[in-house]
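The values are calculated or read from the model by the stated rules, or taken from the named source; none is laboratory data. Computed from a prediction, not measured in an experiment: that's the story for all the values here. We place every Cβ from the backbone using ideal geometry, glycine too, and count neighbours over all the protein chains shown.
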Amino acid sequence: MHTIIHALDLRPPRETANDPVGLETYRQPNYDCQDQAAMMQLIIYVPGVEADGVEIEAQGTDLTITAKKAQVVRANWRALQLERAQRPYRLRLRLGTSFDYAAMHAEIAEGVLTVTLPKRVRHETRPAAAPKRMAA
């Protein structure tokens, strides 16, 4: 039986002007979704992230949450494998059109980000159907 084993990529991470450490990749945080009658609440676990490191973007039916930890890094410092585990978080969800993204509310405390999305009120545009007669 043949086994294919791919070689490990031991090259150092890419460095750019915006990302001197070379940690352009993100990791997906753990999250919980609670659907209620009038809203949906997302609870996202992002330890080590402060309020100024959170970006929430709603585009069409997608919601993208990016959470970055504050890092103080010297210009001549290079990352080790331990620092790769401290990558920023990114969560992408396709939620649909039944939410009012403009009325979204978010708060963060002790590494727990809570996003509240109210549901849109659906107005019935069709006239009410006339009652049907039943044969006796």
- Quick one: T66 ticks every box in (1) modelled with pLDDT under 90; (2) under 25 Å from A109 (Cα atoms) bar one, so which box is it? (1)
- Are any of the residues in the range 1-24 modelled with pLDDT of 70 or more and either surrounded by 11 or more Cβ atoms within 10 Å (Cβ to Cβ) or on the phi < 0 side of the Ramachandran plot (or both)? no
- Please work out if R126 is at pLDDT 90 or above and either assigned to a loop (DSSP other than H, G, I, E, B) or within 14 Å of the chain's Cα centre (by Cα) (or both). no
- Query: Which residues, taken from the range 94-108, are surrounded by fewer than 15 Cβ atoms within 10 Å (Cβ to Cβ) and either of a type outside the set (A, V, I, L, M) or closer than 18 Å to Q36 by Cα (or both)?
  - Reply: R94, G96, T97, S98, D100, A103, H105, E107
